[in-house]
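Working notes, structure below.
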Amino acid sequence: MPAGGESSFYADWQAPGKYDPNDPVNYKWETFLTQELPAYLEQNFGVARNNNAIAGLSMGAGSALRIAANNPGHFAAAGGVSGCYNATDDLGYETIRLNVETRGGNLANMWGPRGSELWQQNHLPAHADTLAGTHVFMSAATGALGAEDIRQYGAEPGVLFSGYILEAGARECTNQMSRALDRAGVEHDTFYMPTGIHNWTAFGPGMNAAFDSMLPVLK
């Protein structure tokens with residue numbers, strides 16, 4: 001779970017993610033996470049290449065499972081907390097588009113135009129079988145307000161509203177991905193919360209459940 005990569009979806013972009021003539025951003029996150037970082041961990045800490053896990057929350061959730069699916073055998077476990085695993089349908093595409101474009105990114109520079117081969121490849125429900133052999137975990141809340149949401153964010157109605165929208169979307173994406181994994185015969189763990197917005201009231205319990213599910217898989 002790297003710190004950074006705003007609106008990058010931790011992908012290898014086809015062209016600079018943001019146009020700044022003085023500081024163009026050339027995202028190569030997937031290369032870093034599947035080649036450079038594992039090599040560093042192996043060389044400096046003795047971590048075997050097949051004994052890594054990858055996890056993410058929100059934007060990073062779909063990215064974690066996508067990277068594991070695109071690189072079979074690289075990760076023993078992959079986990080997503082409060083994320084979306086779709087890319088080509090309206091829910092997935094709009095989730096990605098809003099995340100990138102509201103932060104100044106050029107979406108076409110990531111996987112090309114909508115509907116391209118890369119967009120289709122990264123629509124995980126259509127390729128759930130590529131996660132066979134990987135221990136998969138996903139969690140999501142519902143967006144419904146619970147007591148803790150009101151306690152922490154009750155004075156910020158904008159946070160509550162956006163948190164409801166985003167987490168409700170994440171729940172639907174998680175349900176769709178879970179059904180796709182079932183159809184593909186890929187075993188997976190899910191952790192669903194009855195309340196919680198797209199914020200730390202859902203992220204915290206989701207991450208704790210992810211660690212409980214994924215850490216025993218690592219040697």
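The values are calculated or read from the model by the stated rules, or taken from the named source; none is laboratory data. Just so we're clear, the structure is a prediction, and the values are computed from it rather than from any experiment. Please note: Cβ atoms are built from the backbone with ideal geometry, for glycine as well, and neighbour counts cover all protein chains shown. The protein model used for the area step is the full one, side chains on, heavy atoms only, and it has no ligands, DNA or RNA in it. Shrake-Rupley method; radii C 1.70, N 1.55, O 1.52, S 1.80 Å.
Let me see the pair-distance distribution of the stretch 27-86: every alpha carbon pair, 10 Å bin width, integer percents in order.
25, 52, 22, 2
Where the eigenvalues come from the Cα gyration tensor of the stretch 107-169, what are the semi-axes √(5λ) of the equivalent ellipsoid, largest first, in whole Å?
In descending order the semi-axes read 33, 19, 8 Å.
Let me understand the stretch 70-133 better: what is its radius of gyration from the alpha carbons, and its Dmax, in angstrom?
Both quantities, over Cα of the stretch 70-133: 12.9, 37 Å.
Just from the alpha-carbon atoms, what are the Rg and Dmax of the stretch 136-219 in angstroms?
Here Rg and the maximum Cα pair distance are 14.0, 45 Å.
Any idea of the accessible area per residue across the stretch 90-219, 1.4 Å probe, to the nearest Å²?
Spelled out: the 1.4 Å probe surface of the stretch 90-219, per residue, equals 51 Å².
Amide H of Ile54 versus every other amide H placed in the peptide plane: which residues, excluding those fewer than 5 positions away on the same chain, fall under 5 Å?
Residues meeting the criterion, in which the H sits 1.01 Å from N, are Ala77, Ala78, Gly79.
Of all the Cα-Cα pairs you can form in the stretch 63-219, what percent are over 23 Å apart?
The answer is 40 percent, as a whole percent.
How far apart, in nanometres, would the label points at Glu42 and Tyr192 be if each is projected 7 angstrom from Cα along the Cα-to-Cβ direction?
With each label point 7 Å from Cα toward Cβ, the separation is 4.0 nm.
Which ³J(HN,Hα) values, rounded to whole Hz and listed in residue order, are derived for the stretch 180-187 from phi using the Karplus coefficients 6.51, -1.76 and 1.60 in 6.51 cos²θ - 1.76 cosθ + 1.60 with θ = phi - 60°, glycine and proline given as x?
Those phi angles translate into 5, 5, 4, 4, 7, x, 9, 5 Hz.
Can you give the local net charge around Asn208? Use residues other than it whose beta-carbon is closer than 15 angstrom to its beta-carbon, Lys and Arg +1, Asp and Glu -1.
-3
Hey, if we sort Arg151, Arg179, Arg66 by accessible area with the 1.4 Å probe, largest down, what's the order?
Solvent-accessible surface, decreasing: Arg151, Arg179, Arg66.
What list of ³J(HN,Hα) couplings, whole Hz, do you get for the stretch 192-201 from phi and the Karplus terms 6.51, -1.76, 1.60, once you set θ to phi - 60° and write x for glycine and proline?
10, 10, x, 9, x, 8, 6, 6, 5, 5
Take the solvent-accessible surface of the protein heavy atoms, probe 1.4 Å, and return the percent of it on the stretch 64-190 that carbon and sulfur atoms account for.
For the stretch 64-190, the apolar C and S fraction of the accessible surface comes to 52 percent.
In whole Hz and in residue order, list the ³J(HN,Hα) couplings for the stretch 77-86 that follow from phi through the Karplus curve 6.51 cos²θ - 1.76 cosθ + 1.60, θ = phi - 60°; x for Gly and Pro.
9, 9, x, x, 10, 6, x, 10, 10, 8
How about the stretch 1-80: which GluC sites (Glu not before Pro) there lie in a loop by DSSP and see at most 15 other Cβ atoms within 10 Å?
When the GluC sites (Glu not before Pro) of the stretch 1-80 are filtered for loop state and at most 15 Cβ neighbours within 10 Å, Glu6 remain.
For the stretch 6-134, go through all pairs of different Cα atoms, get the mean of 1/r, take its inverse, and jot down that Kirkwood value in Å.
In the stretch 6-134 this quantity evaluates to 15.1 Å.
Sort Val217, Val81 by heavy-atom solvent-accessible area, probe 1.4 angstrom, most to least.
If we order Val217, Val81 from most to least accessible, we get Val217, Val81.
Tell me, what is the 1.4 Å probe accessible area of Tyr27, in Å² to the nearest 10?
20 Å²
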